[in-house]
1. Taking segment 608-640 as the region of interest, how many residues are polar (S, T, N, Q) and surrounded by 13 or more Cβ atoms within 10 Å (Cβ to Cβ)?
2. With respect to the numbered conditions (1) among the charged types (D, E, K, R); (2) buried (at least 24 other Cβ atoms within 10 Å of the Cβ); (3) within 16 Å of ligand 1 (Cβ to nearest atom), which one is the sole condition not fulfilled by R373?
3. Need pairs with beta-carbon distance below 6 Å; first residue under 16 Å from A428 (Cα atoms) and within segment 275-302, second more than 11 Å from ligand 1 (Cβ to nearest atom) and among the hydroxyl-bearing types (S, T, Y); sequence gap 6+ or separate chains.
4. Scan (1) of a type outside the set (S, T, Y); (2) within 11 Å of ligand 1 (Cβ to nearest atom); (3) surrounded by fewer than 23 Cβ atoms within 10 Å (Cβ to Cβ) for the single condition H412 breaks and write down its number.
5. On the basis of being away from ligand 2 (no atom under 14 Å from the Cβ), assigned to a loop (DSSP other than H, G, I, E, B) and small (G, A, S), does G737 make the cut?
6. Considering segment 186-197 alone, what residues qualify as being surrounded by fewer than 22 Cβ atoms within 10 Å (Cβ to Cβ), in a helix (DSSP H, G or I) and in contact (Cβ under 8 Å) with a residue 40 or more places away in the chain?
7. For R772, which of the numbered conditions (1) within 26 Å of N375 (Cα to Cα); (2) more than 16 Å from ligand 1 (Cβ to nearest atom); (3) under 26 Å from the mean Cα position of the chain (by Cα) fails to hold?
8. Provide a single number: the residues in segment 744-764 that are surrounded by 21 or more Cβ atoms within 10 Å (Cβ to Cβ) and either within 16 Å of ligand 1 (Cβ to nearest atom) or not in a loop (DSSP other than H, G, I, E, B) (or both).
Amino acid sequence: DHTQAAETPAGVCPFAKAAMSSRFTDPKGCPVSSDAEAFDPFAASYQADPAEVLRWSRDDEPVFFSPKLGYWVVTRYEDVKAVFRDNRVFSPANALEKITPFSSEADAILKQHNYGMARTLVNEDEPAHLERRRALMFSFSPEELLHHEPMVRRLTREYVDRFVNKGSADLVNEMLWEIPLTVALHFLGVPEEDMGKLREYSIAHTVNTWGRPTPDQQLKVADSVGKFWNYAGKVLEKMREDPSGNGWMEYAIRRQKELPEVITDSYLHSMMMAGIVAAHETTAHATANALRLLLEDKMTWDRICQDASLIPQAVEECLRHSGSIVAWRRVALEDTEVGGVSIPKGGKLLIVNSSANHDERYFEDPDSIDIFRDNASEHLSFGYGSHQCLGKNLARMEMCIFLEELTKRLPHMQLVPDQDFKYLPNIAFRGPENLFVEWDVSLNPEKTNPEILATHEAIKIGSPSKDDIYRSVLVDQVRHEADNVIGISFKNQDGSEFPRWSPGAHIDVMVGEYTRKYSLCGYNTDRKTLDIAVLREEDGRGGSKYIHDSLKKGDALKIKGPKSNFRLDEKAERYILIAGGIGITPVLTMADRLAELGKDYCLHYAGAARASMAFLNRIEQDHAGRFELYPKAEARRADLQSLVATADANTRIYVCGPDRMIEELEQLCEPLPDNILHFEHFTAKHETFDTSNDKAFELVLANSRMVVTVEPGQTALGALKAAGVDVESDCEEGLCGNCEVEVLEGEIDHRDNVLARSEKAENKRMVTCCSRAKSRSIKIAL
Ligand code: HEM
Ligand code: FES
């Protein structure tokens with residue numbers, strides 16, 4: 001078994017050999033930083049807030065070796081996702097391996113119990129995993145999941161009935177632990193009799209797999225885990241006598257008759273035990289985390305109390321912010337690289353999805369909770385790729401129903417102040433051991449309005465659709481900014497603050513049938529207003545004309561965001577900012593930020609004439625001495641070549657402007673390293689491609705062993721989604737890069753505005769929402 005063969009034991013330096021080579025020049029020969037050395041995922045501070053504790057890593061050392069754990073720790077969104085995605089190189093075989101080896105006495109106890117936990121789904125390699133997963137998916141289909149809805153509602157109603165008139169409760173112990181356990185047992189088809197024992201067993205399983213028990217605790221844990229194993233075996237034996245029920249395990253027993261090599265005895269026994277934990281603790285903890293977050297954010301809590309249709313998006317945002325699985329594991333099957341760091345074959349990885357979910361490079365203002373964040377469902381709390389949580393939609397359904405019942409019946413509930421949230425020290429599962437709440441029983445709404453108990457929201461299986469998530473705003477001001485340019489200020493309809501946004505961020509404005517992106521151009525310290533500037537484009541797609549002609553103060557609109565595809569690297573020393581025409585908007589907010597940071601920057605702004613160049617006064621006021629204007633009417637032109645010639649490794653160039661300008665800069669910057677030039681286009685380039693000769697092509701999915709055909713009128717992204725393959729997307733116009741996939745073979749017809757020229761030439765990445773194939777087929781790493 002490769003996981004056993006090539007592991008790096010904790011405390012042993014994986015650099016030992018490398019350090020002797022010339023690569024490491026550190027006099028001590030040790031490339032492990034002091035932060036990496038100090039990293040301890042069992043420490044109380046990490047349990048309390050893993051993403052915050054790893055901020056240093058996301059910023060400075062996104063992949064590091066932890067000598068204490070013997071693991072490579074991965075903390076940025078893109079890297080964590082890339083590891084999850086590549087199940088050929090990164091095997092999940094160690095997902096359920098003990099992180100703390102047991103003493104020989106504890107091992108002996110496990111042996112006495114004949115403990116034999118082996119491969120399930122979550123730790124199985126390909127091709128066995130996908131065959132098994134496909135054979136067992138049926139029970140997770142939307143129709144099947146809906147069968148469980150009445151049971152979840154009934155249980156929730158009964159549990160809340162028990163405490164609704166008490167005025168206080170520990171939601172974990174009086175509701176959140178037992179309902180998901182009962183649902184899990186129903187889902188699996190296991191009798192409900194042994195709930196008390198199962199609670200003890202599942203905690204023991206968590207400590208056994210992901211915890212750091214002392215030698216004394218190990219003896220007890222080993223005994224409980226051994227008993228859990230035998231309990232699972234007995235339940236299975238009994239189930240085999242009559243596997244006609246609706247439970248997932250009963251279904252698996254029936255499938256075993258047709259596919260005995262795929263669904264083995266060992267699998268069934270292991271899954272019976274692992275399944276109880278997977279379906280139960282995860283959901284209990286995730287709901288407790290969500291309720292804590294929501295009750296700490298009164299405005300959001302009140303919003304979902306008033307409008308239950310917002311609950312699914314609140315659930316998704318809570319899963320992003322505080323999911324219940326904070327990190328997961330993989331082992332490298334070959335020498336490889338993550339985020340530019342070499343990982344040796346056999347290297348074990350701790351991929352910290354909770355840190356990824358708070359990566360400011362991916363989510364705007366990631367530490368605050370924002371139920372109008374339309375990309376919240378791109379969180380990695382359920383993992384990603386071929387092993388992504390099978391039970392995610394059951395969990396979502398349960399969480400929605402719990403929140404709906406609680407917001408309806410106890411909207412006035414509050415957290416008991418100053419309570420100490422405790423967590424079981426382990427590297428994977430995270431949820432508070434108690435959640436004490438209190439309320440004034442005389443204000444229970446059902447006392448005056450018992451009808452509230454009669455109705456409920458319709459459940460939609462799955463994550464909420466991005467299309468349904470938007471902010472309702474009002475136009476607060478429309479003003480002249482320059483010839484053909486108007487400035488618009490938006491306020492939230494309820495007057496609340498917007499999330500923080502980063503320089504270069506944009507919003508999507510939905511006007512009539514149009515959705516258009518506009519960079520934010522106000523001061524990001526003003527949290528109550530969002531400002532955009534809109535150029536009237538006579539030959540555009542119509543959105544700007546509509547905005548110019550029809551929008552007025554007081555109008556209600558829907559917007560999405562703020563979000564960002566154009567991020568400022570704040571670590572450089574010198575900055576050249578270049579704007580052409582209305583491209584000034586994102587560049588201006590970058591200049592504001594650089595001024596605030598006291599950096600060395602210069603803003604170069606080209607336009608037709610002063611009268612048509614927006615924000616000249618603001619630039620003069622805020623960036624005096626740090627800008628150059630190039631109005632064409634005054635025969636002033638920016639000498640881009642000379643500007644680029646001054647760039648060194650510590651310079652960053654940010655540009656937004658017409659395609660010509662960006663293309664010229666791309667050419668000029670070609671000899672420079674990739675991280676110097678950064679740009680944003682206003683519009684999608686692929687609209688200008690002639691699509692009449694587009695041909696069908698095949699996408700060969702190397703990891704999933706599937707072939708998907710992309711028809712002429714279809715995008716690769718559309719074809720993948722239609723085939724049930726998860727690929728993220730946002731703009732679907734080739735502007736944001738979310739839908740990018742790694743290409744292993746085949747020639748790409750690039751039509752996006754995301755990849756740099758050098759990246760296009762490399763032929764290794766493809767933006768699936770618009771690019772196509774030049775060859776008949778393209779092999780991708782999905
Ligand atoms: C896998 C999280 C609820 C069944 C996983 C994985 C994670 C996860 C992180 C590993 C993904 C990967 O390796 O890419 C969660 C969370 C839950 C939850 C946060 C609750 C909020 C459930 C429920 C069930 C379930 C309710 C069952 C009814 C599974 C199964 C797998 C899995 C069977 C293995 C899938 C495979 O390897 O193909 N889950 N889970 N989970 N989960 Fe969940
Ligand atoms: Fe934005 Fe494809 S979804 S580039």
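1. 1
2. (3)
3. V277/S202; E281/S202
4. (2)
5. no
6. Within segment 186-197, just H186 meets the criteria.
7. Going through the list (1) within 26 Å of N375 (Cα to Cα); (2) more than 16 Å from ligand 1 (Cβ to nearest atom); (3) under 26 Å from the mean Cα position of the chain (by Cα), R772 breaks only (3).
8. Within segment 744-764, residues that are surrounded by 21 or more Cβ atoms within 10 Å (Cβ to Cβ) and either within 16 Å of ligand 1 (Cβ to nearest atom) or not in a loop (DSSP other than H, G, I, E, B) (or both) number 1.
The values are calculated or read from the model by the stated rules, or taken from the named source; none is laboratory data. Computed from a predicted structure; not experimentally measured. Here the Cβ is made from the backbone with ideal geometry for all residues, glycine too, and neighbour counts use every protein chain on show.
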